[in-house]
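Working notes for the structure below.
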Amino acid sequence: MQILRHYAGVPKPLQGGVFALGNFDGVHLGHQRVIAEAAAVAREMGVPLGVLVFEPHPKQFFFPDEPFFRLTPFRAKARLLESLGVDILAALPFDADMSRKLAPEFVMDVVVNGLNAVHVVAGYDFRFGKGRAGDAAVLSYMGEMEGFGVSIVPEASLDGEAFSSTRIRERLGSGDPKGAARLLGHWWTVETHVRTGDKRGRTIGFPTANLALEDHVQPALGVYAVRIELEDGPFKGVYDGVANLGRRPTFDKQDVVLEVHIFDFEGDIYGHHAAVSFIDYLRPEQKFSGLDALKEQIAKDSARARALLAATPAEFAGA
């Protein structure tokens with residue numbers, strides 16, 4: 001998959017494709033329908049399949065002090081899009097200049113003159129241009145005027161619930177990663193680096209890999225059954241584990257940390273990139289009277305997580 005960071009001076013081989021337009025945060029099942037429609041048109045026309053997104057997300061640009069809300073930061077989003085067969089990812093910078101573009105300017109500057117798109121596909125609720133003034137009707141009209149095709153994908157739902165990044169965030173915030181996965185079509189995953197912790201876990205028989213959420217949305221604090229994928233080095237692979245996401249009240253800590261105990265694993269993975277998939281929620285975080293009580297509970301959590309993961313397919317197959 002080729003990644004474009006600017007719409008000016010796009011190489012000829014990357015022009016003339018079919019582009020799906022949107023933020024695609026989470027790359028959920030609704031987004032996947034938009035991309036599938038674009039893929040079908042691209043195959044029929046014999047041209048590349050592209051996706052256009054903005055980095056940072058426009059909400060981050062306009063409200064930089066709000067808590068992190070993204071389901072999929074750029075690296076995770078790119079990985080998911082590539083798995084869907086996307087040939088070109090136009091990740092355009094959302095800056096002051098882009099925020100001031102009127103809807104027709106955006107279409108002319110980016111879609112027509114920049115990407116030279118032959119067809120674009122968007123969801124029914126896609127908005128673009130200054131003040132979010134552009135919508136499906138404006139996009140369709142511009143397509144007729146400028147000679148590119150436009151497809152608008154209607155709202156889609158599962159069991160009467162519309163696919164929505166907001167609803168997925170709500171599921172995660174309420175401790176329902178399985179419900180979030182049903183709307184995503186894949187497990188919700190945190191991708192970040194393993195960092196050095198206080199190494200207390202190994203002293204009580206449960207060593208942990210410590211990770212920061214960084215720019216991911218924060219789900220409910222508590223204990224989860226997880227799978228962790230190490231992407232490089234001698235330990236490359238996918239492992240089962242149990243994780244605590246929280247402030248570690250037993251040790252009077254305040255910062256939120258994701259601590260993953262990987263089952264049946266030994267090795268130094270500090271600095272490694274890891275992807276942690278949240279499979280099931282076991283319990284809220286709690287404060288214990290001492291290390292013995294904590295160790296006893298971790299053992300129970302580990303046993304429960306092992307059983308849940310043993311019954312869960314390696315790849316998401318519905319939850």
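Panel order for 302, 83, by other beta carbons found within 10 Å of each beta carbon, from fewest to most: 83, 302. Listed by Cβ neighbour count within 10 Å, with the fewest neighbours leading, 281, 270, 224 appear as 270, 281, 224. If I fit a long axis through the Cα atoms of helix 291-310 and take the longest principal axis of the Cα atoms of the chain, what angle between them do I get, 0 to 90°, rounded to 10? The two axes meet at around 50 degrees. Normalised Debye scattering of segment 188-310 at q = 0.11 Å⁻¹ gives log10 I(q)/I(0) of -0.32, counting only Cα atoms as equal scatterers and leaving out solvent. Excluding same-chain residues fewer than 8 positions from residue 12, which lysines have a Cα within less than 28 Å of its Cα? Partners found: 77, 101.
Quick one: if the Förster radius is 30 Å, what FRET efficiency do residue 109 and residue 158 give, using the C-beta to C-beta distance and rounding to 0.05? In this case the efficiency is close to 0.25.
Would you please classify the overall shape of segment 1-99 from the alpha carbon gyration tensor, given that a ≥ b ≥ c denote the square roots of the eigenvalues, rounded means a/c under 1.5, and beyond that prolate means a/b larger than b/c while oblate covers the rest? Verdict is oblate for segment 1-99. Toward the positive end of the charge dipole of segment 80-157, with +1 on the Cβ of Lys and Arg and -1 on the Cβ of Asp and Glu, the farthest Cα among 96, 142, 113 is that of 96.
The charge dipole of segment 188-310, taken about its Cα centre with unit charges on the Cβ of Lys, Arg, Asp and Glu (plus for the first two, minus for the last two), comes to roughly 440 debye. For segment 188-310, averaging the sequence separation of C-alpha pairs within contact (under 8 Å, six or more residues apart) and dividing by the residue count gives a relative contact order of 34 percent.
Between the beta carbons of residue 270 and residue 214, assuming R0 = 22 Å, the FRET efficiency works out to 0.85 to the nearest 0.05.
Between residue 232 and residue 82, the distance separating the two model label sites (each 7 Å from Cα on the Cα→Cβ line) works out to 1.2 nm.
P(r) tail for the chain: Cα pairs beyond 37 Å make up 25% of the total.
The order of 257, 120, 217, going from fewest to most other C-beta atoms within 10 Å of their C-beta, is 257, 217, 120. When Rg and the Kirkwood radius Rh are both evaluated on Cα atoms of segment 93-200, their ratio Rg/Rh stands at 1.13.
Extension gain, residue 45-residue 59: 0.36 nm per intervening residue step, less the Cα-Cα distance, totals 1.6 nm. Grab the DSSP H runs of the chain that are 4 residues or longer, score each as -39,500 (n - 2.57), total them, divide by all residues and round the 222 nm result to the nearest 500 deg cm²/dmol. When only DSSP H runs of four or more count, the value is -8000 deg cm²/dmol.
With a Förster radius of 41 Å applied to the C-beta separation of residue 304 and residue 95, the computed FRET efficiency comes to 0.30. For segment 150-198, GluC sites (Glu not before Pro) are listed when DSSP marks them as loop and at most 15 other Cβ atoms sit within 10 Å of their Cβ; the list is 155.
All of the numbers you see were taken from the coordinates with simple rules; none came from a lab. Nothing here was measured: the structure is a model prediction, and the numbers come from that model. Glycine also receives a Cβ, built like all others from the backbone with ideal geometry; neighbour counts cover every protein chain displayed.
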